[in-house]
Amino acid sequence: RQETAFLDALSRARSFAVAGGKLTLKAAGGQSFASFRAQTQELAGTSWDVLAYNNGKQAIVSVLGATKLTAMFGDNGSLTGFAGCNNYDASYQVSAPKITIGPVSSTRKHCETPVGVGEQETDYLAALETAATYRVEGSRLELRAADGAVAVELRRK
């Protein structure tokens, strides 16, 4: 339904106006009937839950069910979060769509449960450092490696 409504709106548009980051579609009589606002690609000041990450073995894996991985992009170029057992921090630099993260450091707590949490943490933190590009789309953030492979998938908190 959403696709049909969107395509209908596009077919009815006879003119448009762009002002203040907003696109307005207008009908033949000049009446506005649809508007769109550009989505920001800004990361500073945003918080995310990790959904999946590249395990370094050519696979994207989901976060273990009993764990929660997070990422918070600070206004000052700092990235902090929780990797399932330990807190971590790193620096980041962006010039959309490019991103550089690292080096990543973490606390040194040892966790045995859930099974696999240590490997998950190691793989996730390594995946962060491979990020070369990013894209925010709706409530999702996708980090990709230089070769285009997904590094990390996240959802806005």
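The values are calculated or read from the model by the stated rules, or taken from the named source; none is laboratory data. Worth saying up front: this structure is predicted, and the values here are computed from it rather than measured. With ideal geometry, Cβ positions are generated from the backbone for all residues, glycine too; neighbour counts draw on all protein chains shown. The accessibility values were calculated without ligands, DNA or RNA, using every heavy atom of the protein model including side chains. Shrake-Rupley method; radii C 1.70, N 1.55, O 1.52, S 1.80 Å.
A few notes on this one:
- Taken over the stretch 1-51, the criterion of being open to solvent by less than 30 Å² (accessible area, probe 1.4 Å) and touching a helix residue (DSSP H, G or I) at 6+ places or on another chain (Cβ under 8 Å) is satisfied by Leu25, Ala27, Ala34, Val50.
- Residue within the stretch 24-33 that is of a type outside the set (A, V, I, L, M, F, W, C) and touching a Leu at 6+ places or on another chain (Cβ under 6 Å) present: no
- Selection status of Thr40, part of a loop (DSSP other than H, G, I, E, B) and in contact with a Gly (Cβ under 6 Å, 6 or more places away or on another chain): no
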